[in-house]
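Enquirer: One structure, as structure tokens, below. Some questions next.
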Amino acid sequence: MVLRFAPSPTGLLHVGNLRTAIINWLFSKKIKEEFLLRIDDTDTTRSKKEYIDLIEEDLKWIGIQWDLTYAQSERIEYYNDAFDFLKNEKLIYQCYETDEELSIKRARQRSAGLPPVYDRSSLNISKQKQANYESEGRESYWRLKLPDESIIWKDKIYGDIKFDTKSYSDPVIVRADGRYLYTITSVVDDIYSKISNIIRGSDHITNSGIQIYLFKVLGAKPPNFFHHSLMTDVHGDPLSKRIGSLSIKGIRDRGIEPEVLLNYLTFVGAATVQNKFHEINYLKQNFDISSFGRSNVPFDERLLNDLNSNFLQEQTYEFFNKKSIVFNFSSAPSEFWETVKNNIRVFREAQDWFEIIYGKIEPIIDDPEYINLALNLIPNEDFNEFSWRVWTDSIKEKSGRKGKNLFMPLRLSITGRNFGPEMAKLLPLIGKDKIISRLNGFVS
Ligand code: GLU
């Protein structure tokens, strides 16, 4: 049996989409089933190859591996078979109304206080009228005839759900240009791939009602359905694929570590709050689908940024070595990483500190007299972790300065920055000669 993630490649994946992917993937590992990446690209006008590539890149980046993959565009013959079957069984019917005619009908229903449900006027259309429409060159499309009785199922998160078919229009399943709609293609594929559990956002609950009916008429047992709550932005508004900032690509480009996003998206909205970063194997073994609730989950970018800093602080020199290979500072010693890791929000910032420590900076000297005094008091011996204390104690004594007034001019002239790692740790790394040169105002 198999679980699946079925994105439509019509835009960038956002955090909500990736959360669905993670839940399905972790659950498949937990119950030892295969994981399918299915590309829902039947909407040929909006689907793009570049989005498929980016979806795959995003999934690999976060650590998701799939056992199987296919695209719906490769499987038209299977949809044709299902279509023929539904047609022979008279479970679908041909319609001729134009969009304009339908919207007039809906407006009339609304003004009469009726729900805007399709009136099925094409269902019992006479042969003559059909022939007239066809000779006029009207294009036809196909609707699934929903059953009269409600569709009832037990959702694994939402509990008992009753889909009242009378309040819905018969859904179009084949467009006038012959393209199939997701409602039917998804079910054909879910049957073909032996999908055991469908886990997706609660925005699909109506689709599920229709699809459960389709599973049944196509002779298959519907899988279990889990509708998880939706992720929103911080204001509670829905995420759209078009908001770049919450796209996975945007988050990757900003320098968030994959482990951080994986942990965040695994636990956000679950009952068990985690304040530790877990390895993928731990997540696979301990994933608990029953901890997901029904309330919407806001995506908190600030929290994600803080988690990223916390994560970096916990990382060893080994992590630094692996990661720094792609940057050009892989030669930095472990003292470098131990010094800077507490002061960076994203790994890339370590590179700035590499330049400050081992490269050249332009010192900022606002008060030359004070810096001169500091220069004269510089300790004789080579710098070690105690030198900063010894040095600033003597400057304090001579100048009478304390706190920020005492430290900041030194930090600015030695690092060119008004923030950063502890000066006591920076001094031995930068080295005495370079510090003297910077205090003298040289770019060094
Ligand atoms: N392609 C659909 C979507 O992206 C898949 C939904 C489903 O999981 O069935 O919303």
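Enquirer: Would you mind telling me which numbered condition in (1) closer than 25 Å to Leu312 by Cα; (2) out of contact with any helix residue (DSSP H, G or I) (no Cβ under 8 Å at 6 or more places or on another chain); (3) of a type in the set (S, T, N, Q) Asn376 fails?
Expert: (1)
Enquirer: Moving to a separate point now. Which residues, taken from region 196-215, are touching a strand residue (DSSP E or B) at 6+ places or on another chain (Cβ under 6 Å) and farther than 15 Å from His227 by Cβ?
Expert: Within region 196-215, Tyr213 is the sole residue that qualifies.
Enquirer: Residue by residue through region 247-305, note down the ones that are assigned to a strand (DSSP E or B) and either among the hydrophobic types (A, V, I, L, M, F, W, C) or within 21 Å of Glu56 (Cβ to Cβ) (or both).
Expert: Matches in region 247-305: Ser247, Ala270, Phe292, Val297.
Enquirer: Does region 428-440 include one or more residues that are free of Cβ contacts under 8 Å to residues at least 12 places away in the same chain, buried (at least 16 other Cβ atoms within 10 Å of the Cβ) and under 21 Å from Pro333 (Cβ atoms)?
Expert: Yes, because at least one residue in region 428-440 is free of Cβ contacts under 8 Å to residues at least 12 places away in the same chain, buried (at least 16 other Cβ atoms within 10 Å of the Cβ) and under 21 Å from Pro333 (Cβ atoms).
Enquirer: Among (1) touching a Ser or Thr at 6+ places or on another chain (Cβ under 7 Å); (2) at pLDDT 95 or above; (3) exposed (fewer than 15 other Cβ atoms within 10 Å of the Cβ), there is one condition Arg46 misses while meeting the rest; what is its number?
Expert: Going through the list (1) touching a Ser or Thr at 6+ places or on another chain (Cβ under 7 Å); (2) at pLDDT 95 or above; (3) exposed (fewer than 15 other Cβ atoms within 10 Å of the Cβ), Arg46 breaks only (2).
Enquirer: How about region 343-355: which of its residues are farther than 9 Å from Gly420 by Cα and out of contact with any Leu (no Cβ under 7 Å at 6 or more places or on another chain)?
Expert: Those that are farther than 9 Å from Gly420 by Cα and out of contact with any Leu (no Cβ under 7 Å at 6 or more places or on another chain): Arg345, Val346, Arg348, Glu349, Ala350, Gln351, Asp352, Phe354, Glu355.
Enquirer: Condition first: surrounded by 13 or more Cβ atoms within 10 Å (Cβ to Cβ), touching a residue at least 40 places away in the same chain (Cβ under 8 Å) and within 21 Å of Pro223 (Cβ to Cβ). Can you find one or more residues in region 49-64 that meet it?
Expert: Within region 49-64, one or more residues are surrounded by 13 or more Cβ atoms within 10 Å (Cβ to Cβ), touching a residue at least 40 places away in the same chain (Cβ under 8 Å) and within 21 Å of Pro223 (Cβ to Cβ).
Enquirer: Please verify whether Ile22 is of a type in the set (A, V, I, L, M, F, W, C) and either within 14 Å of the ligand (Cβ to nearest atom) or more than 20 Å from Ile289 (Cα to Cα) (or both), treating the condition exactly as stated.
Expert: Yes: the conditions hold for Ile22.
Enquirer: Among the residues of region 1-10, is any farther than 28 Å from Gly178 by Cβ, in contact with an Asp or Glu (Cβ under 9 Å, 6 or more places away or on another chain), hydrophobic (A, V, I, L, M, F, W, C) and part of a loop (DSSP other than H, G, I, E, B)?
Expert: yes
Residues checked against (1) among the charged types (D, E, K, R); (2) within 15 Å of the ligand (Cβ to nearest atom):
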| site | (1), (2) |
| --- | --- |
| Phe5 | no, yes |
| Thr10 | no, yes |
| Lys29 | yes, no |
| Ile55 | no, yes |
| Glu74 | yes, no |
| Phe83 | no, no |
| Lys87 | yes, no |
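Enquirer: Are there any pairs with C-beta distances below 6 angstrom linking a residue in region 380-395 that is more than 10 Å from Leu427 (Cα to Cα) and without any contact (Cβ under 8 Å) to a residue 60 or more places away in the chain to a residue that is surrounded by 12 or more Cβ atoms within 10 Å (Cβ to Cβ) and not β-branched (Val, Ile, Thr), with the two at least 6 apart or on different chains, and if so which?
Expert: Pairs found: Val390/Pro379; Trp391/Pro379; Ser394/Leu377; Ile395/Ala374; Ile395/Leu377.
Enquirer: Tell me, which residue of region 31-53 that is among the acidic types (Asp, Glu) and either within 10 Å of the ligand (Cβ to nearest atom) or not in a loop (DSSP other than H, G, I, E, B) (or both) is nearest to Pro258 (Cα to Cα)?
Expert: By that ranking, first place goes to Asp53.
Enquirer: Can you find even one residue in region 86-100 that is hydrophobic (A, V, I, L, M, F, W, C), without any contact (Cβ under 8 Å) to a residue 24 or more places away in the chain and either in contact with a Gly (Cβ under 8 Å, 6 or more places away or on another chain) or in a loop (DSSP other than H, G, I, E, B) (or both)?
Expert: There is no residue in region 86-100 that is hydrophobic (A, V, I, L, M, F, W, C), without any contact (Cβ under 8 Å) to a residue 24 or more places away in the chain and either in contact with a Gly (Cβ under 8 Å, 6 or more places away or on another chain) or in a loop (DSSP other than H, G, I, E, B) (or both).
Enquirer: Identify, please: which residue in region 183-212 is hydroxyl-bearing (Ser, Thr, Tyr) and crowded, with 20+ Cβ neighbours inside 10 Å and is, among those, nearest to the ligand (Cβ to nearest atom)?
Expert: If we take residues in region 183-212 being hydroxyl-bearing (Ser, Thr, Tyr) and crowded, with 20+ Cβ neighbours inside 10 Å, then Ser186 is nearest to the ligand (Cβ to nearest atom).
Enquirer: I've got another one for you. Please give the number of the condition Phe347 fails out of (1) within 24 Å of Phe442 (Cα to Cα); (2) of a type outside the set (Lys, Arg); (3) in contact (Cβ under 8 Å) with a residue 40 or more places away in the chain; (4) surrounded by 15 or more Cβ atoms within 10 Å (Cβ to Cβ).
Expert: (1)
The values are calculated or read from the model by the stated rules, or taken from the named source; none is laboratory data. A quick note: this is a predicted structure, and the numbers were derived from the prediction, not measured. Every residue, glycine among them, receives a Cβ derived from its backbone with ideal geometry; neighbour counts consider all protein chains shown.
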